[in-house]
Amino acid sequence: MTRQTDEPSSLYEHAAENLVYIRDAMERAGSFTAVPGWGGVIMGLTGAAAAIIAAGQDARDAWLVTWLAAAVIAFTVGVVAVLLKSREAGAPFLSRPARQFALSFSPAILAGALLTAALVRAELHSLLPGVWLLLCGAAVVAGGAFSVRIIPLMGLFFLFLGTIALFSSPLIGDVCLGLGFGALHIVVGAIIARRYGG
Amino acid sequence: MGKKAPNPKRLTPSPELIPMEGAVEKTAELDRLIHDRLRLGILSALAVNESFSFTELKNLLKTTDGNLSVHARKLEEAGYVSCRKSFQGRVPHTEYRLTTNGRRALQRYLDHMEALIIATRGRA
């Protein structure tokens, strides 16, 4: 009698466990496609445009507003691109890899936002390119641990450019910003689009 | 445009393919080849990604070279995955893809699991 009631229960649990395992394997495999390629290219084009526009600004505030506007545009493009890509793949927007990426990526970005406010208040604008690139690099390396290998590699390039920018003249800092937020995003985005789909 | 990940929506279980009343009795007929955890993992991963290299699958499924090699070969022999071997420079590169038969087999397995859950939910 006990066996009769236990057997369906065991079958039910086993089948449910298998479905959970399949979903888990698909979610982990999905992390290879969650990062948007063409979205990254558009973010890079935004960064490149910001670098050109900012270089032509004489006033520090105009330079800052240009880069902050570019950051808002790039962030929006990134979120929309991830949303579209996950929808196309039939995967949830906040899947486990996406949540892990967001949780690892966010702290350094938040620290960057706070440091930006503090440095602007202290009128230390010349430090901003180095700080932005270094913290963006830290965020990308941390978030990239849950993504394709090229993402943490991209983060290392950001750290490299940030180090140069931090100890160089403002002109070199601007060039590093253009290379990091412009060229690097375009190249990596194109590679991701080619290897892992749009 | 480059490679595109297959749409996992195509793997949405359709329980009408397996009658609920026969699901428990038909458990013995389950595709034993897929029922193994690692082999199930390989098929599930390849169902949402067009291809994976041997190393990517090994890291993804947290297994050893020998284990993955044995189980991937069984799936290959059954015609559920295709395997392409090449060289990247001097390094051997093995790439796996899910075949149409493999996708159908995984679909059947998912159908069976869902039917089993529905059928046993009332009895448990």
Query raised in the report: If we keep just the residues of segment A:26-78 that are of a type in the set (S, T, N, Q) and under 30 Å from B:L61 (Cβ atoms), which is farthest from the other protein chains (Cβ to nearest Cβ)?
Result: A:S31
Query raised in the report: Hey, does segment A:179-187 have a residue that's part of a helix (DSSP H, G or I), closer than 18 Å to A:L45 by Cα, within 14 Å of the chain's Cα centre (by Cα) and within 14 Å of chain B (Cβ to nearest Cβ)?
Result: no
Report task. List the helices (runs of 4 or more DSSP H) that sit entirely inside segment B:30-124 and contain at least 1 residues that are within 12 Å of chain A (Cβ to nearest Cβ) and open to solvent by less than 20 Å² (accessible area, probe 1.4 Å). Result -> B:32-35, B:37-47, B:54-61, B:100-121
Query raised in the report: For A:L114, are the conditions met, namely being modelled with pLDDT of 80 or more, within 14 Å of another protein chain (Cβ to nearest Cβ) and either open to solvent by 40 Å² or more (accessible area, probe 1.4 Å) or in a helix (DSSP H, G or I) (or both)?
Result: no
**Report entry** Residues satisfying the stated conditions in segment A:141-168, i.e. open to solvent by 40 Å² or more (accessible area, probe 1.4 Å) and in contact (Cβ under 8 Å) with a residue 40 or more places away in the chain
**Finding:** A:A145, A:F146
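Go through segment A:1-25 and report how many residues are modelled with pLDDT of 80 or more and facing chain B (nearest Cβ under 9 Å).
12
The values are calculated or read from the model by the stated rules, or taken from the named source; none is laboratory data. These figures come from a predicted structure and were not determined experimentally. Cβ atoms come from the backbone with ideal geometry, glycine included; neighbour counts cover every protein chain shown. What goes into the accessible areas is simple: the full protein's heavy atoms, side chains included, and nothing from ligands, DNA or RNA. Shrake-Rupley method; radii C 1.70, N 1.55, O 1.52, S 1.80 Å.
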